[in-house]
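Visitor: Next up is a structure, given as C-alpha cells.
The values are calculated or read from the model by the stated rules, or taken from the named source; none is laboratory data. Just so it is clear, the structure is predicted and the values come from calculations on it, not from any experiment. Virtual Cβ from ideal backbone geometry, glycine too; neighbours counted across all protein chains shown. Heads up: the accessible areas ignore ligands, DNA and RNA and are worked out on the full protein's heavy atoms, side chains in. Shrake-Rupley method; radii C 1.70, N 1.55, O 1.52, S 1.80 Å.
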Amino acid sequence: MKSAYELAMERLEKRSPTARLTDAQKAGIAEIEATFKAKIAEQELFLKDKIEEAANEGKFEDVAQLEQQLAREIRRLNEDCEAKKEKVRGG
C-alpha cells in the first residue's frame, strides 16, 4: 500500500514529468553556475571594499546606496544565470 506522499508524487509526475538532462547539459549548467559564482564574488569583493571605506569615513548614505547596488547586482547576476541555465535545459 502506498502512502499519500507517494500517490501525490505519482500524480505530479504524470502532470509534469521530470526533465532528464544529458551529461553535456549537466556540464554546461555546472560551468554556468561556476562562472556566475565567480562574478558574484567579484562584485561582492569590489563593493564591500567600497562599503567599508564609506563606513570608515562616516558616509552612511553612501553605505546604504552601495549596499542596495550590491543587492541589485547580485539579483541581476542570479537572473542572468537562471536564464542561461534554462537555455541549456532547452526551455
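Visitor: Output the residues belonging to segment 47-69 that are touching a helix residue (DSSP H, G or I) at 6+ places or on another chain (Cβ under 8 Å) and open to solvent by less than 80 Å² (accessible area, probe 1.4 Å).
Guide: Listed by number, the residues that qualify are Leu47, Ile51, Ala54, Ala55, Asp62, Val63, Leu66, Gln69.
Visitor: Leu21 passes all but one of (1) open to solvent by 90 Å² or more (accessible area, probe 1.4 Å); (2) modelled with pLDDT under 90; which number fails?
Guide: With (1) open to solvent by 90 Å² or more (accessible area, probe 1.4 Å); (2) modelled with pLDDT under 90 applied to Leu21, the lone miss is (1).
Residues are listed down the side, and each one gets a yes or a no for (1) modelled with pLDDT of 90 or more; (2) open to solvent by less than 90 Å² (accessible area, probe 1.4 Å); (3) at negative phi:
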position: Lys2; (1), (2), (3): no, no, yes
position: Arg11; (1), (2), (3): no, no, yes
position: Gln43; (1), (2), (3): yes, yes, yes
position: Ala71; (1), (2), (3): yes, yes, yes
position: Arg76; (1), (2), (3): yes, no, yes
position: Asp80; (1), (2), (3): yes, yes, yes
position: Gly90; (1), (2), (3): no, yes, no
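Visitor: Quick check on this structure: which one of Lys26, Lys39 is within 25 Å of Lys87 (Cβ to Cβ), over 15 Å from the mean Cα position of the chain (by Cα) and surrounded by 11 or more Cβ atoms within 10 Å (Cβ to Cβ)?
Guide: Just one listed residue meets the conditions, Lys26.
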